Amino acid sequence: QEKLVESGGGLVQPGGSLRLSCATSGFTLDLYTIGWYRQAPGKQRELVAIIGSGGGTTYADSVKGRFTISRGNVENTVFLQMNSLKPEDTAVYYCNAQYREYDYWGQGTQVTVSS
C-alpha cells in the first residue's frame, strides 16, 4: 500500500524555521519526483518545491532562498526546510510523489506563521 505521511508542522513566529518530513512507503522513492504543495484557506493548492529523481530542484518564486527540499539520509524520507517564515506561508502543506501514471498524496500538515 503506497503511503505518504507528513509531519513537522506547527505554530511558529514570523522569521522562524520549521522542517517538514514526508515519510514514504510502498513504492520505490528513488524513481519518483517528490513535490511539496500548500493550500491556504480560500486559495488553490500551489507548488512550493519539487525534487526530481536525479536530484534537480525547482522552487516557487515566493520561497526561493528560504526553503530547501531534500531527499534525506533516512530511507524513504523527503524534507522541506523552511526558514525566514512569513505569515503568508501559513497553509496546509502536502507531499506528493509522481512517476509515470502513479500519483500519490499525503494527508497534509498544518503550518501557521503568526506572532
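The values are calculated or read from the model by the stated rules, or taken from the named source; none is laboratory data. What you see is a predicted model, and the numbers here were worked out from it, not measured in a lab. Here the Cβ is made from the backbone with ideal geometry for all residues, glycine too, and neighbour counts use every protein chain on show. For accessibility, only protein heavy atoms count, side chains too; no ligands or nucleic acids. Shrake-Rupley method; radii C 1.70, N 1.55, O 1.52, S 1.80 Å.
Can you say whether residue 101 is within 12 Å of the chain's Cα centre (by Cα) and acidic (Asp, Glu), as far as the supplied structure shows? Please lay out each step first, then the result.
Details: within 12 Å of the chain's Cα centre (by Cα): no; acidic (Asp, Glu): yes.
So residue 101 does not fit the description; no.
Residues that are within 18 Å of residue 39 (Cα to Cα) and not in a strand (DSSP E or B) within the stretch 67-99 comprise 85, 86, 87, 88, 89, 90, listed in sequence order.
Scan the stretch 19-52 for residues that are at pLDDT below 95, buried (at least 17 other Cβ atoms within 10 Å of the Cβ) and touching a Phe, Trp or Tyr at 6+ places or on another chain (Cβ under 9 Å) and the total you get is 3.
With the requirement that a residue be outside any loop (DSSP other than H, G, I, E, B) and within 12 Å of the chain's Cα centre (by Cα), what does the stretch 104-115 give you? Talk me through it step by step, then tell me what you get.
As a first pass, look at the stretch 104-115 and keep what is outside any loop (DSSP other than H, G, I, E, B): 104-105, 109-113.
105, 109, 110, 111 - these are the residues of the stretch 104-115 that are outside any loop (DSSP other than H, G, I, E, B) and within 12 Å of the chain's Cα centre (by Cα).
Within the stretch 78-110, which residues are free of Cβ contacts under 8 Å to residues at least 60 places away in the same chain and surrounded by fewer than 16 Cβ atoms within 10 Å (Cβ to Cβ)? Correct list: 88, 100, 101, 103. Candidates 31, 18: the one that is touching a residue at least 40 places away in the same chain (Cβ under 8 Å) and within 29 Å of residue 101 (Cβ to Cβ) is 31. Within the stretch 54-65, is even one residue modelled with pLDDT of 95 or more, open to solvent by 60 Å² or more (accessible area, probe 1.4 Å) and closer than 25 Å to residue 100 by Cβ? Checked against the condition, which is being modelled with pLDDT of 95 or more, open to solvent by 60 Å² or more (accessible area, probe 1.4 Å) and closer than 25 Å to residue 100 by Cβ, the stretch 54-65 yields at least one hit.
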